[in-house]
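Working notes, beginning with the structure itself.
The values are calculated or read from the model by the stated rules, or taken from the named source; none is laboratory data. These figures come from a predicted structure and were not determined experimentally. In this analysis, Cβ positions are derived from the backbone assuming ideal geometry, glycine residues included, and neighbour counts consider all displayed protein chains.
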Amino acid sequence: MFIPARRINIRPGCGRKAVGSMRIRIANALRQAGEAFGFECAETPEPFSYGERTIRFAAPVKVEGSYVYDGKAFSVSADVQAVLDAVCARCTKPFEEQISFSFTERFVKDAEEEDDESYAYAGDELELDKAVMDNLLLELPIASVCRADCKGLCPVCGADRNVTVCHCKETGAAEKGALYRALSDEE
């Protein structure tokens, strides 16, 4: 969801002071409760581990949205576009995976009311890094696939079935079921 904004705060990296930080300045919004302010930023985060995956970015993460101060906290709504360096779970070839999503998060001053539903902020800046990355992780597929019709690797010889046709005989699901039944009958 994008809230139309009266003012747009556009700066590369959201006016970052440190590498890898997406920040928006909120001084004007603190003085004008109820006003919507827009922002755009782009930042290339450092690679990081998540489970058994390493998340690497092929391009800057683009964030565009708006924020409103309600007198107690900030509500930030944004649209995010990210391009990840990924490896196909079927054929093991590298590819660039496009991920787009929207989020709305609440930021509270100095964690006065912070809980699992909000992020803390201090001073006159909102640091968006954690909110953006948390929402990105929620959008990641369990397994990245280079394309929907990827045939993957042959489990017998390892040939890429997108490139070549192998003539290996696979044990089909029906054969596996018959083997299971045969083993079960022996017991």
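Summary of computed values
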item	result
Qualifying residue in the range 76-87 (condition: within 30 Å of Pro155 (Cα to Cα), acidic (Asp, Glu) and free of Cβ contacts under 8 Å to residues at least 12 places away in the same chain)	no
Residue check, Phe74 touching a helix residue (DSSP H, G or I) at 6+ places or on another chain (Cβ under 8 Å) and farther than 19 Å from Ile24 by Cα	no
Residue list for the range 140-155, restricted to those being at pLDDT 95 or above and of a type in the set (Val, Ile, Thr)	Val145
Qualifying strands (runs of 3 or more DSSP E) (wholly inside the range 20-93; at least 3 residues being in contact with a strand residue (DSSP E or B) (Cβ under 8 Å, 6 or more places away or on another chain))	23-25, 36-43, 53-57, 61-69, 73-87
Pair list, Cβ under 7 Å, 6 or more apart: the range 89-103 residue closer than 18 Å to Ser77 by Cβ, other residue part of a loop (DSSP other than H, G, I, E, B) and not β-branched (Val, Ile, Thr)	Ser102/Met1
Counted residues, the range 89-148 - those being farther than 30 Å from Gly71 by Cβ, of a type in the set (Ser, Thr, Tyr) and surrounded by 13 or more Cβ atoms within 10 Å (Cβ to Cβ)	1
Failed item, numbered, when Val68 is tested on (1) at pLDDT below 95; (2) over 15 Å from Val132 (Cβ atoms); (3) touching a helix residue (DSSP H, G or I) at 6+ places or on another chain (Cβ under 8 Å); (4) not small (Gly, Ala, Ser)	(1)
Some residue of the range 73-80 being modelled with pLDDT under 95 and of a type in the set (A, V, I, L, M)	yes
Positions within the range 115-140 being in a helix (DSSP H, G or I), in contact with an Asp or Glu (Cβ under 9 Å, 6 or more places away or on another chain) and among the acidic types (Asp, Glu), in sequence order	Asp129, Asp134
Flag if Cys146 is assigned to a loop (DSSP other than H, G, I, E, B), assigned by TED's automatic domain parsing to the domain that holds Val68, in contact (Cβ under 8 Å) with a residue 40 or more places away in the chain and of a type in the set (A, V, I, L, M, F, W, C)	no
Index of the failed condition, Asp160 passing every other in (1) of a type in the set (D, E, K, R); (2) surrounded by 14 or more Cβ atoms within 10 Å (Cβ to Cβ); (3) within 17 Å of Met22 (Cβ to Cβ)	(3)
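Quick grid of which residues meet (1) among the charged types (D, E, K, R); (2) touching a helix residue (DSSP H, G or I) at 6+ places or on another chain (Cβ under 8 Å); (3) modelled with pLDDT of 95 or more:
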| position | (1), (2), (3) |
| --- | --- |
| Cys88 | no, no, yes |
| Phe103 | no, yes, yes |
| Glu112 | yes, no, no |
| Ser118 | no, no, no |
| Gly123 | no, no, no |
